[in-house]
1. Within region 196-203, is even one residue more than 14 Å from Ile39 (Cβ to Cβ) and either at pLDDT below 75 or small (Gly, Ala, Ser) (or both)?
2. So which residues in region 374-404 are of a type in the set (A, V, I, L, M), under 15 Å from the mean Cα position of the chain (by Cα) and buried (at least 24 other Cβ atoms within 10 Å of the Cβ)?
3. Could you tell me how many of the residues in region 27-36 are in contact with a helix residue (DSSP H, G or I) (Cβ under 6 Å, 6 or more places away or on another chain) and not acidic (Asp, Glu)?
4. Among the residues that make up region 231-239, is at least one of them buried (at least 16 other Cβ atoms within 10 Å of the Cβ) and either outside any helix (DSSP H, G or I) or not hydrophobic (A, V, I, L, M, F, W, C) (or both)?
5. Check every one of the helices (runs of 4 or more DSSP H) wholly within region 253-350 and list those with 2 or more residues that are of a type in the set (A, V, I, L, M) and at pLDDT below 85.
6. What's the total number of residues in region 133-166 that are modelled with pLDDT of 80 or more and in contact with a Phe, Trp or Tyr (Cβ under 7 Å, 6 or more places away or on another chain)?
7. Mind telling me which of the residues Val181, Val169, Val131, Val149 ends up being closer than 25 Å to Leu360 by Cα and exposed (fewer than 14 other Cβ atoms within 10 Å of the Cβ)?
Amino acid sequence: MKRALKNPALQIGLAAILGIVFGLIVGEWAGNLKFVGDIFIRLIQMAIVPLVMSSVIVATGALSGSGMGKLAARTFSWMIAFSAVAAVVAWGIGVVLQPGAGIDFSGGVDPALEDAAAESTGWQQTIVNFVSTNIFDAMSTANMVPIIVFSLLFGAALNVYVTTSGNRVVLDFFEQIQQVVLTMIRFVMIIAPVGVFCLLANLAGTVGFDVVIGGLAYLSSTLLGVVILLVLFVLVVWMRTRVNVGLLPGKLSQQTMIAITTTSSAVTYPTVLKTAIERVGIGRSVANFTLSVGLTMGSYGAVLNYVIVIMFLAQAGGVALDPATVVLGMALAVLVNMGTITVPGGFPVVAMFLATSLGLPFEALGLLIAVDWFAGIFRTFLNVNGDTLVAMLVAEGSDDLDRDVYNARTSRTDASERPALQTADAAD
């Protein structure tokens, strides 16, 4: 029992329940606890810029020759295409189900971050604003899109420099910065139960029972999206490979159980790699590359969830999203999965990043953090199994999908234990 109570996810879940109950009992007085939740949110906010910059630079700068060629092109094409589909499906669900409509806020954006909210402009000026004339100015206002653009270009240039000179000093420096910031976030997450308790107490006390309905609507929307996307992905695999997709549930059962119990793609990765090679029949070179890249790029469940988060926060805050902002939100949700934020339990960082970038209010963020363990189950389930399905498509294009192994006519038990491309551990 004591060991179970030390689980961070359980602690946050209990804190959320206690916070809601406390807020419903004491009513508006619970608003006096809001400042504690605000401190927790700000502690996360201050780590966003250095974490995003260092992670993007490291992810781009560390790509080696194994990330080139036809294999890389097929891998990236399928992953980006599926991520885009996930974003569109999430937007459609958000429009139809309106998961955040039951919680209405009128407080607006945190004044400390008002400068980060872009004014409504034409699409040309919106694209121009993707590039900052002063990266330090963008950093000071947490204007995330120019920061990502700068980091991608810096990382690409660093990649060329490392490849030609063999000097990894700068790359190692940013890797160390990334690890230090991740450690700092882990420190902050120690007080997450306290922060979540205060945020949810304030929500329940000021909004009432609608907060519970909002949490269920958010989770239901995410679950529906996962089911729709899984059906679409399996259908594409069947159309491209013509294998018996009825065998997939049994083949993927072990990695699925690990994924939903740990809510971590990184922890599940060794099982995913072993299953792909030994039970699905994917060639070792394809499995090593595609599945390791998938740790950061293949987070289709995360893309789905993050776009639903955008819709939820906008609806909860009464913010009307114009088409340009919706497209930008989808693009940011996809970019977040390309090596930008790979911290265990990093959902608050990602949600804050998206809210800051799109100028959305944060008042309902505590509710999303409180139920994130459940949403994490849905995300990880689709992330893990989606990566395997993408690897099957890539292997089919390379004529590297062994149907004898897939149909259990032969066995393959010499799965490689190490990926060809090393990537940072990714949660969800």
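1. yes
2. If the condition is that a residue be of a type in the set (A, V, I, L, M), under 15 Å from the mean Cα position of the chain (by Cα) and buried (at least 24 other Cβ atoms within 10 Å of the Cβ), then Ala375, Leu382, Val384 are the ones that fit.
3. Of the residues in that region, 6 qualify.
4. No, region 231-239 contains no residue that is buried (at least 16 other Cβ atoms within 10 Å of the Cβ) and either outside any helix (DSSP H, G or I) or not hydrophobic (A, V, I, L, M, F, W, C) (or both).
5. 253-262, 265-275, 284-297, 323-336
6. So the answer is 3.
7. Val131
Here's the yes/no breakdown for (1) crowded, with 20+ Cβ neighbours inside 10 Å; (2) free of Cβ contacts under 8 Å to residues at least 60 places away in the same chain; (3) of a type in the set (A, V, I, L, M, F, W, C):
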site: Gly23; (1), (2), (3): yes, no, no
site: Val26; (1), (2), (3): no, no, yes
site: Ala30; (1), (2), (3): yes, no, yes
site: Leu33; (1), (2), (3): yes, no, yes
site: Val52; (1), (2), (3): yes, no, yes
site: Ile57; (1), (2), (3): yes, no, yes
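The values are calculated or read from the model by the stated rules, or taken from the named source; none is laboratory data. None of these values were measured; they are calculated from a predicted model. Neighbour counts run over all protein chains shown; Cβ positions are idealised from the backbone, glycine included.
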